[in-house]
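Chemist: Please find one structure pasted underneath; my questions will follow.
The values are calculated or read from the model by the stated rules, or taken from the named source; none is laboratory data. Just so we're clear, the structure is a prediction, and the values are computed from it rather than from any experiment. Virtual Cβ from ideal backbone geometry, glycine too; neighbours counted across all protein chains shown.
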Number of protein chains: 2
Amino acid sequence: MNKMIQFTIAGLLGLGIVTAAVAADITRPEEQILTRQAGYKFMAWNMGKIKANLAGDYNQQQVKAAANTIAAIANSGMGALYGPGTDKNIGTVETRAKADIFTDKEKVIELARQFVTAANQLAEIATNGDKDAVKQAFGQVGQSCKSCHDKFRAD
Amino acid sequence: MNKMIQFTIAGLLGLGIVTAAVAADITRPEEQILTRQAGYKFMAWNMGKIKANLAGDYNQQQVKAAANTIAAIANSGMGALYGPGTDKNIGTVETRAKADIFTDKEKVIELARQFVTAANQLAEIATNGDKDAVKQAFGQVGQSCKSCHDKFRAD
């Protein structure tokens, strides 16, 4: 439990809620947009793998690896990829991020905290391989994804 | 040490070296290409963060989070994203993967094993935050990336 709390605090740090000593190394806004989209895409693939495992034969190693990947990306500091100039399309680089995500910091922090907590819980539970518990934790991560998409992502 | 070995075995499983029970949930080749590129792009961002930390002020939490992300992605089973039809450009989706990566399985296994081992070592060492040790482990991951790019990625 203590380990999980530490992990969560690291996650909030990572999401840029607490100031980190080193700023984003990527300065070009279009590169920030592409990199955050890469993170979401890779998480989505891993969510899909867990979903497939829950629906069919359950491969604990695969679910654990997928859940670890989602949690690691959630804790990787993607807040740094929402820098100035990343609120609009840049040439062929398009973003679906709504304006509110750059201004409504209170809601961003709330949803980010929920997401990091849910992702860490899923990773912890997936280690044991209890399919029913994983199913519930997976649902919470999915709900957390959806809450943020509904609020901050254009269709 | 034992934990690291287990982690590595899971990684090799993930990379598709050992048959997994659940196949890739993504069947469209263009989506497989885009997803593997997302994984590499997100790893590159995290490598960049570690490099910046080693060159400047060292933020242990950020380095640990970045190293965890690289290791988790390395262990996530990207081998499943090199399915049939992903060896060439598909419409606007371009790949730099050389033909050999789909045929030279012995070399792929060798380089994948080196990469997973190096990424796991970096994640383990980054937990302690010994900057010099991290620097060495980081160099080994970078060398492992380069070995694969030199062999299997077109310029």
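Chemist: Name the single residue, out of those in segment A:9-54 being polar (S, T, N, Q) and surrounded by fewer than 18 Cβ atoms within 10 Å (Cβ to Cβ), that is modelled with the highest pLDDT.
Modeler: A:27
Chemist: Which is surrounded by fewer than 15 Cβ atoms within 10 Å (Cβ to Cβ), among the hydrophobic types (A, V, I, L, M, F, W, C) and modelled with pLDDT of 95 or more, of A:119, A:123, A:154, A:112?
Modeler: Just a single option satisfies the conditions, and that option is A:154.
Chemist: Further, regarding this structure: For segment A:76-91, how many residues are farther than 21 Å from residue A:112 by Cα and either among the β-branched types (Val, Ile, Thr) or at pLDDT below 95 (or both)?
Modeler: 1
Chemist: Which of the residues that make up segment B:89-112 are within 17 Å of residue B:145 (Cα to Cα) and part of a strand (DSSP E or B)?
Modeler: The answer is B:97, and nothing else.
Chemist: I need every pair where a residue in segment B:64-78 that is farther than 16 Å from residue A:46 by Cα and facing chain A (nearest Cβ under 7 Å) has its Cβ under 6 Å from the Cβ of a residue that is part of a loop (DSSP other than H, G, I, E, B) and not aromatic (Phe, Trp, Tyr), sequence separation at least 6 or different chains.
Modeler: Listed pairs, sorted by first residue: B:65/A:75; B:65/A:76.
Chemist: Looking at (1) part of a loop (DSSP other than H, G, I, E, B); (2) away from every other protein chain (no Cβ under 14 Å); (3) crowded, with 21+ Cβ neighbours inside 10 Å, which is the one condition that is false for residue B:85?
Modeler: It is condition (3) that residue B:85 fails.
Chemist: On the basis of being of a type in the set (Lys, Arg) and over 19 Å from residue A:83 (Cβ atoms), does residue A:135 make the cut?
Modeler: yes
Chemist: Would you be able to say whether some residue in segment A:92-104 is more than 9 Å from chain B (Cβ to nearest Cβ), at pLDDT 95 or above and under 18 Å from residue B:68 (Cα atoms)?
Modeler: No, segment A:92-104 contains no residue that is more than 9 Å from chain B (Cβ to nearest Cβ), at pLDDT 95 or above and under 18 Å from residue B:68 (Cα atoms).
Chemist: With (1) free of Cβ contacts under 8 Å to residues at least 40 places away in the same chain; (2) polar (S, T, N, Q); (3) not in a helix (DSSP H, G or I) as the list, and residue B:147 as the residue in question, which single condition is left unmet?
Modeler: Every listed condition holds for residue B:147 apart from (3).
Chemist: Checking residue B:68 against (1) within 16 Å of residue B:144 (Cβ to Cβ); (2) of a type outside the set (Ser, Thr, Tyr); (3) under 16 Å from the mean Cα position of the chain (by Cα), which test does it fail?
Modeler: (1)
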